[in-house]
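Please read the structure below before turning to the comments.
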Amino acid sequence: MTLGIPEGRPSLPPTHRLSALGGLDLRGPDGLEVKRALRQPKRMALLAYLRHRRDFVTRDHLLAVFWPEADLARAQSALRQSVGFLRRCLHRTVLEGRGRGEIGVAQGAVPFDVTDFEDRVRAREWERAIALYRGDFLNGFFVDASNEFNDWVEALRSELRDKAGGAAWALAVECEQAGRFDRAAYWAKRSLSLTPYGEADVRRVARLLDRVGDRLGALRAFKGLRDRLARDFDAEPSPETRALFEQVISRTVPHAEMDGGRRRERPEGRSVRRGATAPGGKPGSQAANHERRATPDRRSDQSDRRRTPERRSPLE
């Protein structure tokens, strides 16, 4: 059987762009959806599978992956029709053959966000990589294919999510080292949102958040972990994790001040030291402040007690 696929064609200029992070999408050179192709999920799955392999795939392997239940003649016909359909929708030389039994996507013919993301991660271009990661691989996409195809989707989905979490964590570390503590906290939380169940990940994120002065964020990370474990697995955090967060709670001096120099400086003009004369203040105001401090007001003290609820541990 021949598939009518050109062999040995030179690389093509990009004509269509395929996206699979956060859902499946195909855009033409004009930027518009190729709706005709998107209405054919199995043929789109075939295109994504071939594009991600970055190499030729045997015809027999594709038959087993996409038409496992069909007899040989029907499966071969379905593959031949799918190849012809994709060539008509994209470009006649997008799919090329090697010999009589292998199929592949021509090099450079269809830019693919998944391979672009992987290339950026490999190059340690963290921000460019994370910008490409818009969600799980083939999120919400289902096609009637073999268990092998579904296993491939699940494995690649998990692998890409871990890579995105690693890229976000690398950005958090870089920002902390550069003294950009707000951005460090942001990227640390982003990394945790991609790998929410790993206790080791929660602990390292919490330590970073505590170091940069976001103790509340560290406690929220623990609470999120605890709630997810209880809801999904009827389990509790390990003693090591709980001990870390008890340490964060019990410390009276913020970690940022203990480290020396990590505390954010207070903007000028935001507050005036108690007892000092504010700019434009009246003479004698410092003495008046001292006199007020020396004479406690019992009514005020009692009112403060009524307004201040009993403090509860965030771990409860």
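Find the all-direction average of the projected area of the Cα convex hull for region 196-260, expressing the result in square nanometres with one decimal place.
Result: 4.0 nm².
Amide H neighbours of Leu138 under 5 Å, counting only residues 5+ apart in sequence or on other chains, H built in-plane at 1.01 Å?
Result for Leu138 returns Leu21, Gly22, Gly23.
Out of residues 5 or more away from Leu95 or on other chains, whose amide H comes under 5 Å of its own, with H placed 1.01 Å from N in the peptide plane?
Under 5 Å from the amide H of Leu95 lie the amide H atoms of Ala106, each far enough along the sequence or on another chain.
Short version: what are the Cα gyration tensor semi-axes of region 17-113, square root of 5 times each eigenvalue, largest first, in whole Å?
Values: eigenvalues 95, 44, 30 Å².
Calculated on Cα positions only, the semi-axes equal 22, 15, 12 Å.
Could you line up Leu194, Leu38 from fewest to most neighbouring Cβ atoms inside 10 Å?
Arranged by neighbour count, lowest to highest, Leu194, Leu38 become Leu38, Leu194.
Using the Cβ atoms and a cut-off under 15 Å, what net charge is assigned to the surroundings of Pro239, where Lys and Arg are +1 and Asp and Glu are -1?
Local net charge: -1.
Need the full-extension length gain, Asp30 to Arg92, defined as separation in residues times 0.36 nm minus the C-alpha distance. One decimal, nm. If you can, show how the numbers build up before the last one.
On the way: separation 62, 0.36 × 62 = 22.32 nm, distance 1.80 nm.
Roughly 20.5 nm would be gained on extension.
Output ³J(HN,Hα) for region 101-114: one whole-Hz value per residue in order, computed from phi by the Karplus curve 6.51 cos²θ - 1.76 cosθ + 1.60 with θ = phi - 60°, and x for Gly and Pro.
Whole-Hz 3J(HN,Hα) from phi for region 101-114: x, 10, 10, x, 8, 4, 4, x, 6, 10, x, 10, 5, 5.
Measuring from label point to label point, each 7 Å out along Cα→Cβ, what is the Ala243 to Asp55 span in nm?
Taking the simple label geometry, Ala243 and Asp55 are separated by 4.7 nm.
Bear in mind that the values in this text are calculations on the coordinates, not laboratory data. Everything quoted here is computed from the prediction, not taken from an experiment. Note that each Cβ is placed from the backbone with ideal geometry, even for glycine, and that neighbours are counted across all protein chains shown.
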